[in-house]
Amino acid sequence: MSLPKVIAGNWKMNGSNILIEKFSKKFRTVDLSTKVEVIVFPPFTHLKYAYEQLKDTNIKIGAQDCHHESTGAFTGNVSSKMLAECGASFVIIGHSERRELSRSENKYIPGKISSAVERNLTPIVCIGESLIEHQNNQTNEILEKQLKFSLKQSIKSEALVVAYEPKWAIGTGKMPSLNQINQTHRCIREILSKIFDKESAKKIRIIYGGSVNPSNASEILNQEEVSGVLVGGASISTDDFLKIVTRSY
Ligand code: PGA
C-alpha cells in the first residue's frame, strides 16, 4: 500500500491565534482522506494552542526547527523533547532560510535529526540547490552531498520525510519543470537507496517545496515520484491550503 501523501504548511514567522481558529473552523467541516497526512507548522509560541484547536480535525502539528540537545544552556532554543510536550509530531530540519541565517546550521543537522527521531517526531529534512548550482547542472551532486552528510543509516527510514526545495524556487514564483522535479525526486530516491537500501528507501516520502500554490499543486502532486508538498506562502490562507490538500486525492 502506498504511503499517505504529505501536505505540510510552513507558516514561517506568520500566523496568530486568530489564524489557528480559522483553520480549526474550516477543517472541522472537512473529512480528510486517509490518503493524506496534513501538518501545519506554526511558530514555536503557537504550537500548543494550534495542537489544542486542531486535534479534532486530523491536522497534525509540527515545528519549524529543533535544537540537537534535549536541555541545557542554549538561550533562545527549543528541544525536540519540548516540542513533543506541546503536541508536535513533525519537525522541519535544515530549512534553507535557517541554513542561511546561521553558517553553523549544517553541522548540527545530523544531531537535530537524531534528537527528533528519539522523541518520535518525524523529521522533514530539507535539501536543495542554489540558482547558480542549478544553472551549472550541479543539483544532483549537491543533493547527494547534503543527504550523505545529514542522514545516518541508524535512523529508521520510515520515520523520515525528505523535502526537495530548490532555494531559488522558495517564495519566488519560479519552479523547475515538472519533468525536472520528477527526475530530481528519482535521483534523491537513488541516493537514499545507497545510504539505506532499496527497500528502506521506498518507505521515505520525498516531497517538493518552492512556490507551490492551488494552481500548480495538482500537476506537482501527480508526478510519479512526488509524495507530497511543503507549502510556505500559500499555507497561511485557509482557502488556498484546503485547495492544495484536496488536490492531493
Ligand atoms: P513558498 O515556501 O511556498 O513560499 O515558496 C516554501 C518553503 O519555504 O518551504
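For K174, the solvent-accessible surface computed with a 1.4 Å probe is close to 120 Å², ligands and nucleic acids excluded. Taking the helices alone, the chain has a mean residue ellipticity at 222 nm of -11500 deg cm²/dmol, built from -39,500 (n - 2.57) per DSSP H run of at least 4 residues and averaged over all its residues. Our summary gives the stretch 64-129 a relative contact order of 41 percent, counting only alpha carbon pairs under 8 angstrom and 6 or more residues apart. Roughly how many Å is it from the Cα centre of the stretch 33-111 to that of the stretch 230-249, as a whole number? Centre-to-centre (Cα) distance: 19 Å. Ranking of C86, C126 by solvent-accessible surface, largest first: C86, C126 (1.4 Å probe, protein heavy atoms only, all chains present).
Measuring how big the stretch 103-226 is from its alpha-carbon positions, Rg and Dmax come out at 14.2, 39 Å. The residue among S150, C187, T71 whose Cα reaches farthest toward the positive pole of the charge dipole of the chain, with charges on the beta-carbon of Lys, Arg, Asp and Glu, is T71. Among the protein heavy atoms, those of R98 account for about 90 Å² of accessible surface (1.4 Å probe, every chain in place). With all protein chains in place and ligands, DNA and RNA left out, the 1.4 Å accessible area ranks D65, D31, D240, D56 as D31, D56, D240, D65, largest first.
What's the extension gain from S215 to L101 if we count 0.36 nm per residue and subtract their Cα-Cα distance?
On the way: separation 114, 0.36 × 114 = 41.04 nm, distance 3.06 nm.
Result: 38.0 nm gained on full extension.
Provide T29, T139 ordered by accessible surface of protein heavy atoms (probe 1.4 Å), highest first. Let's see the in-between values first.
Numbers: T29 120, T139 15 Å².
Reading off the accessible areas and sorting them downward yields T29, T139.
The values are calculated or read from the model by the stated rules, or taken from the named source; none is laboratory data. Values in this document were obtained by computation on a predicted structure and should not be read as measured data. Virtual Cβ from ideal backbone geometry, glycine too; neighbours counted across all protein chains shown. These area figures cover heavy atoms from the full protein model, side chains too; ligands, DNA and RNA do not enter into them. Shrake-Rupley method; radii C 1.70, N 1.55, O 1.52, S 1.80 Å.
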